[in-house]
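What follows is one structure encoded as structure tokens, with my remarks underneath.
The values are calculated or read from the model by the stated rules, or taken from the named source; none is laboratory data. Here the structure is a predicted model, which means the values were calculated and not measured. In this analysis, Cβ positions are derived from the backbone assuming ideal geometry, glycine residues included, and neighbour counts consider all displayed protein chains. The area values use the complete protein model at the heavy-atom level, side chains included, leaving out ligands, DNA and RNA. Shrake-Rupley method; radii C 1.70, N 1.55, O 1.52, S 1.80 Å.
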Amino acid sequence: MARARKPVVAGWFTEAGPHTDDGPAAQGTGADQDFRLIGTRCQDCGSVFFPREDTFCRNPACSGTTLEETPLSRRGRVWSYTDGRYRPPAPYVSDPAREWEPYVLVAVELAAERMVVLGQAAPGTALADLAVGMEVELVPGVLNEDDETTWTTWHWQPLGGDR
Amino acid sequence: MTDDVAVLGAGMHPWGKWGRSFTEYGVAAARAALADAGLAWTDIQLVVGADTVRGGYPGYVAGATFAQALGWQGARVTSVYAACASGAQAVNAARAQILAGMADVALVIGADAAPKGFFAPAGGNRPDDPDWLRFRVLGATNPTYFGLYARRRMALHGDTLEDFAQVKVKNSAAGAANPNARYRKAVSADEVAASAVVADPLRLLDICATSDGAAAVVLSSMEFARRHTTDPVRIRAVSTVTPSYPKTVLDLPDFATDSAAAVEPPALGLRASIAAAAYEEAGIGPSDLDLAEVYDLSTALELQWYEDLALCAPGEGAKLLRDGATALGGRIPVNTSGGLASFGEAVPAQAIAQVCELTWQLRGLAGDRQVPGARAGITANQGLFGHGSSVVAVR
């Protein structure tokens, strides 16, 4: 049955790749040059926000109210990383009947935006593949699937780690 | 500088997993604090409750819940919530009303009954709540944030897993001497290393548990205190600062830091600014301290606090630990209570429990964990969503 692809949060990233269940994007494989996290930039002071701020600028010295979408850098450097060895509570979705598979979490420093953004690592990334300071890139991924929907997300993947 | 308020009494319900309601723990702690102060419940003019989000509606109006359970007697009431910083906010709410002349004597209470396992966000489908979203999108439990900080310290400062384990060894040794602690057994570094990894590089024994427990203090004006006691412990400062933009440290439940693209980051990050504000208000510095109680949600985070409290230079937290400076008998003992490592976290009670420990230490009544001649101490803590919390007490 064809599931609809939906971003887990609307408007946080571009909806990329072939919109089918068996395309490379669906499998979270391969870099996609067009896939980006989407932040917003205050048109008055230039401050960048992710997750997006759409109404008021949060710079305390700025009263700006015009914030426009801006794609964030596709590459950054690992600020730190960890993993989740135990099943997180809801609303994280996992199948309680299946053995828990730890996922890796990466905090990535984006040079141009001067900010750190969290994300899960691409499936197959091991702790041993990561080091603080190494370069990673953003790739599209799948968070979970239910009967009707493939919920899409973003992943960080070690550069050259095309798996 | 603001005027002092006196700590007339301190009391706790022991930490554990007792399976009863937070109200019961809170009342037990309140009665212990009142007995310690030598005051009757009916003498109290203001009740301040630190709220819990885990007790339903009574938890959101904790001040009134405790006042009703103790027996309505007409006192003013205030209830506050600031996540892990709720207790310090409660102390400060009482202090402010005492200094404003609205009450002479106040009872401050925090209590919680915690679930087993990870803290979870409130239920439902709530994509506007970043705390809900971090679980939905990232599966980012609290320990994963602690793991990120720990790995960062290893890469930046050369901290080792052995350093982290030694924090647990130190705190468990202190906690073994504390009758209110949940874990009262010395833990070895081998035991830490043999415990399961929860969020790499941190193991189960690096991360604090979630507990049931309660703490309470009786606070008063100095004038009221003079009529009831001599030479009381005094609260000289309470820091409840928020971050300054751009906040460049990833805190729970953030997906990202603020961007520093348009505005330079502040000179001090949130944790350091919490301490700086406390020192400034108290008119003392780190070299004047005899002890500190810090929020060791993880072993690695305790080392971070050493640096943020300026007990040592940035990056030298592990060295301070290795030198034995922060152990009982060291230059500046940290977490003489045993810390969260020995208590586990009972969120709204924890910052009040830190003040209880300072009170007992400054009175010289801390038994086997006493810091000889202690005259000044600081507590430090940080609540979810940008809440600073630090209390300076002196005698």
Practice task
Specify the angular offset, from 0 to 90 degrees and rounded to the nearest 10, of the alpha carbon long axis of helix B:86-99 from the longest principal axis of the alpha carbons in chain B.
Solution key: 40
Exercise for the section: Using only the alpha carbons of the range B:229-383, determine the length spanned along each of the three principal axes and report them from longest to shortest in whole angstroms. Expected result: 53, 34, 30
Problem - Two-site FRET efficiency, B:ARG331 against B:ALA193, from Cβ-Cβ distance with R₀ of 30 Å, rounded to 0.05 - result: 0.65
Handout entry: Area accessible to solvent at B:LEU311, 1.4 Å probe radius, in Å²
Key = 10
Handout entry: Vicinal HN-Hα couplings computed from phi for the range B:115-128 (Karplus, 6.51 cos²θ - 1.76 cosθ + 1.60; Hz; Gly/Pro x)
Key = x, 6, x, 5, 5, 10, x, 4, x, x, 10, 10, x, 7
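In the range B:17-102, what chymotrypsin sites (Phe, Trp or Tyr not before Pro) fall in a loop by DSSP, with at most 11 other Cβ atoms inside 10 Å?
Details: sites: B:TRP18, B:PHE22, B:TYR25, B:TRP41, B:TYR60, B:PHE66, B:TRP72, B:TYR81; in loops: B:TRP18, B:TRP72, B:TYR81.
Those satisfying the criteria are B:TRP72.
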Practice task
In nm, give the distance between the simple-model label positions of B:GLN68 and A:GLN33, each being 7 Å from the Cα along the Cα-to-Cβ direction.
Solution key: 6.5
Exercise for the section: Please work out, to two decimal places, the log10 of the ratio I(q)/I(0) at q = 0.20 Å⁻¹ from a Debye calculation in which every Cα of the range B:29-150 carries one identical scatterer. Expected result: -1.07
Practice task
Enter the accessible area per residue of the protein assembly as shown (Å², integer; probe 1.4 Å; all protein chains in place).
Solution key: 38
Exercise for the section: For the range B:182-191, take each phi angle, set θ = phi - 60°, evaluate the Karplus expression 6.51 cos²θ - 1.76 cosθ + 1.60, and give the result in whole Hz per residue in order, putting x for glycine and proline. Expected result: 7, 9, 10, 9, 5, 10, 8, 4, 5, 5
Practice task
Roll a 1.4 angstrom probe over the protein heavy atoms and tell me the percent of accessible area of chain B that is carbon or sulfur.
Solution key: 53
Exercise for the section: Give the angle, between 0 and 90 degrees and rounded to the nearest 10, that separates the Cα long axis of helix B:299-308 from the longest principal axis of the Cα atoms of chain B. Expected result: 70
Fill in the blank from the handout: If R0 = 35 Å, then A:ARG58 and A:SER94, at their Cβ-Cβ distance, give a FRET efficiency to the nearest 0.05 of 0.55
Fill in the blank from the handout: Ordered by number, the GluC sites (Glu not before Pro) in the range A:63-131 that occupy a DSSP loop and have at most 10 other Cβ atoms within 10 Å are A:GLU99
Exercise for the section: Over all directions, average the projected area of the Cα convex hull of the range B:245-301 and note it in nm². Expected result: 5.4
Practice task
Using only Cα atoms, find the angle between the long axis of helix B:142-157 and the longest principal axis of chain B, and express it within 0 to 90 degrees, rounded to the nearest 10.
Solution key: 60
Exercise for the section: Sequence neighbours fewer than 8 away in the same chain don't count; with that in mind, list the lysines whose C-alpha is under 21 Å from B:LYS170. Expected result: B:LYS185, B:LYS319
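Got a sec? What order do B:LYS170, B:LYS185, A:LYS6 fall in by accessible area at 1.4 Å, biggest, i.e. largest, first?
I get B:LYS185, A:LYS6, B:LYS170, largest accessible area first.
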Practice task
Report the antiparallel proportion of the DSSP beta bridges in chain A as a percent, rounded to a multiple of 5.
Solution key: 85
Problem - Per-residue average of Cβ from other chains inside 10 Å of A:143-156 - result: 1
Practice task
Please report the relative contact order for chain B, taking Cα pairs under 8 Å with a sequence separation of at least 6, and give it as a percent rounded to a whole number.
Solution key: 25
Exercise for the section: Only bridges with both residues in the protein assembly as shown count here: give the DSSP antiparallel percent, nearest 5. Expected result: 75
Exercise for the section: In debye, nearest 20, what is the charge dipole magnitude of the range B:147-244 about its Cα centre with +1 on Lys and Arg Cβ and -1 on Asp and Glu Cβ, if you could check? Expected result: 360
Exercise for the section: Would you calculate a helix-derived [θ] at 222 nm for the protein assembly as shown, using -39,500 (n - 2.57) for each DSSP H run of n ≥ 4 and dividing by the full residue count, to the nearest 500? Expected result: -7500 deg cm²/dmol
Completion exercise
For chain A the mean separation of alpha carbon contacts under 8 Å (6+ apart) over residue count, i.e. relative contact order in percent, is 26
Handout entry: Gyration tensor (alpha-carbon) shape descriptor, the range A:61-163, a/c threshold 1.5
Key = oblate
Problem - 10 Å Cβ neighbours from other chains, averaged over peptide A:40-49 - result: 3
Exercise for the section: Report the accessible area of A:THR14, computed with a 1.4 Å probe over the heavy atoms of all protein chains in place, in Å² rounded to the nearest 10. Expected result: 40
Practice task
Using only alpha carbons, build the gyration tensor for chain B and give me the equivalent ellipsoid semi-axes, biggest first, whole Å.
Solution key: 30, 24, 21
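Per residue and in cubic angstrom, what volume does the convex hull of the Cα atoms of the protein assembly as shown have?
Taking only Cα atoms, the protein assembly as shown has a hull volume of 147 Å³ per residue.
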Practice task
Would you mind computing, in nm to one decimal, how far apart the modelled labels at B:GLU24 and B:ARG126 are, each placed 7 Å from Cα along Cα→Cβ?
Solution key: 2.7
Practice task
Report B:MET222's accessible area, 1.4 Å probe, all protein chains in place, as a number in Å² to the nearest 10.
Solution key: 40
Fill in the blank from the handout: On the formula 1/(1 + (r/R0)^6), with r taken between the Cβ atoms of B:ASP231 and A:ALA131 and R0 of 41 Å, the FRET efficiency rounded to 0.05 is 0.15
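Count neighbours as other Cβ atoms within 10 Å of each site's Cβ, and list the GluC sites (Glu not before Pro) in the range A:125-163 that are DSSP loop with at most 16 such neighbours.
Within the range A:125-163, the qualifying GluC sites (Glu not before Pro) (loop, at most 16 other Cβ atoms within 10 Å) are A:GLU148.
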Practice task
Could you run the numbers on buried accessible area between B and A, total for both chains, 1.4 angstrom probe, in Å² to the nearest 100?
Solution key: 3600
Completion exercise
Once normalised by the length of the range B:238-386, the mean sequence separation of its alpha carbon contacts under 8 Å that are 6 or more apart gives a contact order in percent of 26
Handout entry: Net charge dipole size for the protein assembly as shown [Lys, Arg +1 and Asp, Glu -1 on Cβ; Debye, nearest 20]
Key = 1340
Practice task
Give the long-range amide H neighbours of B:GLU293: residues separated by 5 or more places, or on another chain, with amide H under 5 Å away, using H modelled in the peptide plane at 1.01 Å from N.
Solution key: B:ASN335, B:ILE378, B:THR379, B:ALA380
Completion exercise
For A:ALA112 and B:ASP3, extending 7 Å from Cα along the Cα-Cβ vector and measuring point to point gives, in nm, a value of 5.8
Practice task
Could you give the size of the charge dipole of the range B:75-156 about its Cα centre, using +1 on the Cβ of each K and R and -1 on the Cβ of each D and E, expressed in debye and rounded to the nearest 20?
Solution key: 380
Problem - Gap separating the Cα centres of the range B:70-98 and the range B:193-244, nearest whole Å - result: 15
